[in-house]
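Chemist: Please read through the structure below; I'll follow up with questions.
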Amino acid sequence: MQSNKARLDRFISAKTGICRGDLRLILAQKRVRVDGEVVTTMNYVVNQFSRIELDDQLLQDKQPRYLMLNKPVGVVSATQDAQHKTVVDLLDPALREDLHIVGRLDLNSSGLVLLTNDGEWSRCLMAPEAKVAKVYEVQVEQPISDDCIRAFAEGMYFAFEDLTTRPARLEKMNDTLAKVTLTEGRYHQIKRMFGRFRNKVVALHRVSVGPIRLDGALAPGESRALTTDEVNCLNG
């Protein structure tokens, strides 16, 4: 389906070529099932994961997939790339179809990446109003000043986008290592914020998105399916 939701008659017509006028009779004859139940209503709404059957023909039976991956440095957060290995290339080929990335990391960053074929789930997760916290471990070249910590907490103005970042939490782990918590994801945001203090980021590793933490047992390049609880905790 082109979108997450569609009217049942439009979906069947697009899938089979049957004109929508003929579908009224087909539905009335109780020949269509959605998720195992007979449906006779033309404007019944189905989604990308509805199981749809016409007589003995299975028109759609797509299962939602939710994965977490430990992205290594040097791998691109993309589904395809002409020059670099992508996060999708790291997956079992059987899992790759229709996946998209939820919250990218740049080439030289590492850590937790989420992938799914559920567009509604990823949109809800990344919506600004959701304010889902993302936590990063950041190594910088120079000692982190108290002024820098305060500036993160207050938010920084970026003239190019004409915006002020949301307050972010910067916790020093040692002089040059910090834990940074964001509730947004502007372009190279952490690197640009440290750049205001002429302090270069030399390593950036995402450790969590919301309550989902990167498994200690998940080596760089490895992935696993999210549990039902993990999927639902980001839904709510």
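Chemist: Rounded, prolate or oblate: pick one for the stretch 58-138, where a ≥ b ≥ c are the square roots of the eigenvalues of its C-alpha gyration tensor, a/c under 1.5 means rounded, and failing that, prolate if a/b is larger than b/c, else oblate.
Modeler: Note, shape of the stretch 58-138 comes out oblate.
Chemist: How large is Rg over Rh for the chain, taking Rg from the Cα atoms and Rh as the Kirkwood inverse mean of 1/r across Cα pairs?
Modeler: That ratio is 1.11, to two decimals.
Chemist: State the Kirkwood hydrodynamic radius of the stretch 5-60 in Å, one decimal place, computed from all pairs of distinct Cα atoms.
Modeler: 10.8 Å
Chemist: Which percent of the Cα-Cα distances in the stretch 1-118 go past 21 Å?
Modeler: 50 percent
Chemist: Does the stretch 99-172 come out rounded, prolate or oblate, given a ≥ b ≥ c as the square roots of the eigenvalues of its C-alpha gyration tensor, rounded meaning a/c under 1.5 and, failing that, prolate meaning a/b above b/c?
Modeler: Verdict is prolate for the stretch 99-172.
Chemist: If r is the Cβ-Cβ distance from Arg198 to Arg104 and R0 is 22 Å, what FRET efficiency results, to the nearest 0.05?
Modeler: My answer for the efficiency is 0.25.
Chemist: Which of Gly111, Gly210, Gly195 ends up with the largest GNM mean-square fluctuation for the chain, with Cα atoms connected below 10 Å?
Modeler: So, out of Gly111, Gly210, Gly195, the one fluctuating most is Gly195.
Chemist: Could you give the nm distance between label points at Lys15 and Asp89, where each point is 7 Å from its Cα heading toward the beta carbon?
Modeler: Output for this residue pair reads 3.5 nm.
Chemist: Take the Cβ-Cβ distance between Ala159 and Glu137 as r, set R0 to 22 Å, and report the resulting FRET efficiency rounded to the nearest 0.05.
Modeler: 0.15
Chemist: Between Leu177 and Asp81, what is the label-to-label distance in nm when each label sits 7 Å out along the Cα-to-Cβ direction?
Modeler: In this crude label model, Leu177 to Asp81 measures out at 2.6 nm.
Chemist: Which ordering of Tyr136, Tyr187 is given by a fewest-first count of other beta-carbon atoms within 10 Å?
Modeler: Exposure proxy ranking, most exposed first: Tyr187, Tyr136.
Chemist: Another one. Go ahead and run the numbers for FRET between Arg24 and Asn4, Cβ-Cβ distance against an R0 of 30 Å, rounding to 0.05.
Modeler: The formula returns an efficiency of 0.75 here.
Chemist: Further question: Which loop-located trypsin sites (Lys or Arg not before Pro) does the stretch 1-93 contain, where loop means any DSSP state but H, G, I, E or B and the Cβ has at most 12 other Cβ atoms within 10 Å?
Modeler: In loop regions of the stretch 1-93 (DSSP not H, G, I, E or B), the sparsely surrounded trypsin sites (Lys or Arg not before Pro) are Lys30.
Chemist: Please report Rg over Rh for the stretch 49-184, where both radii come from the alpha carbon positions and Rh follows the Kirkwood definition.
Modeler: 1.09
Chemist: From the C-alpha coordinates alone, can you work out the Kirkwood hydrodynamic radius of the stretch 120-236, in Å?
Modeler: Kirkwood radius, the stretch 120-236: 15.5 Å.
Since every read-out is calculated from the coordinates, none of them should be taken as a lab result. Nothing here was measured: the structure is a model prediction, and the numbers come from that model. Here Cβ is always computed from backbone atoms with ideal geometry, including for glycine, and neighbour counts include all displayed protein chains.
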